[in-house]
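The values are calculated or read from the model by the stated rules, or taken from the named source; none is laboratory data. Since the structure is predicted, the reported quantities are computational estimates derived from the model, not experimental observations. Here the Cβ positions follow ideal geometry from the backbone for every residue, glycine too, while neighbour counts run over all protein chains shown.
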């Protein structure tokens with residue numbers, strides 16, 4: 001069963017502001033899926049509709065087998081949502097008190113609440129601040145508390161809106177481990193993010209959205225193939241090839257000053273280029289497929305140019 005299915009989903013605000021336009025999306029169960037797009041692309045509007053926080057203007061959306069307009073109660077029981085910000089975080093309560101309160105709202109048996117709260121706090125790494133009032137939390141700590149709150153009801157689908165915002169490197173590692181564990185437990189995770197690296201590392205599927213429309217949806221590795229059979233030949237110049245302007249092919253510097261790339265869409269050309277580089281003393285070289293970032297810039301840039 002697919003965890004999420006939408007067909008022709010649209011949302012219009014104030015009569016003429018189109019936030020979503022004819023969105024068709026499928027998210028298989030027990031996967032991690034990312035919605036990628038610039039600010040204002042419609043990502044948050046989409047996840048709010050899936051969480052029954054907004055109603056669609058047109059189209060159809062099914063979450064865990066339930067219709068978002070008719071089965072809102074069942075969806076809310078089965079979906080956990082972490083939207084960030086301050087909503088749902090009561091400033092005078094500690095993390096432990098807040099999570100106990102939400103456990104009660106989800107009808108967790110009284111005898112299990114303390115154990116559930118301890119587990120959630122450990123999952124997001126807030127043990128040292130568990131008894132501190134939320135008003136004293138940093139942005140990253142608030143984000144982690146939102147994640148813990150989204151898991152209170154042991155949901156089958158977890159929706160995380162920009163979960164990496166405000167997280168330090170250690171917290172990012174903990175988040176990756178948490179998401180991987182949720183998938184191993186048979187849950188589905190849907191995240192919105194600007195972080196292309198996180199999407200590439202964590203996700204089974206990625207959907208690019210811009211201006212309320214789906215541009216492309218596929219596995220991260222498959223997205224690179226959509227750009228065509230292009231290969232990036234990377235190399236670092238040698239002493240005998242210090243002037244890259246002498247290359248018979250165009251090159252572009254990336255990442256570091258001493259590293260260059262040549263793009264090829266033909267296997268014979270790739271072989272000839274690498275042979276030429278080796279003949280000119282280059283010993284640090286290799287090939288790679290287009291990255292998710294390059295795919296993202298290709299599609300979002302094309303969408304912008306089309307308007």
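A few remarks follow.
- Restricting the search to helices (runs of 4 or more DSSP H) fully inside the stretch 120-236 and requiring at least 3 residues that are over 15 Å from the mean Cα position of the chain (by Cα), buried (at least 20 other Cβ atoms within 10 Å of the Cβ) and in contact (Cβ under 8 Å) with a residue 40 or more places away in the chain gives 139-150.
- Only one of 189, 170 that is in the same structural domain as residue 140 (by TED's automatic domain parsing) and at pLDDT 85 or above: 189
- Flag for residue 303 being modelled with pLDDT under 75, closer than 30 Å to residue 63 by Cα and crowded, with 18+ Cβ neighbours inside 10 Å: yes
- Some residue of the stretch 101-116 being surrounded by 18 or more Cβ atoms within 10 Å (Cβ to Cβ) and within 17 Å of residue 177 (Cβ to Cβ): no
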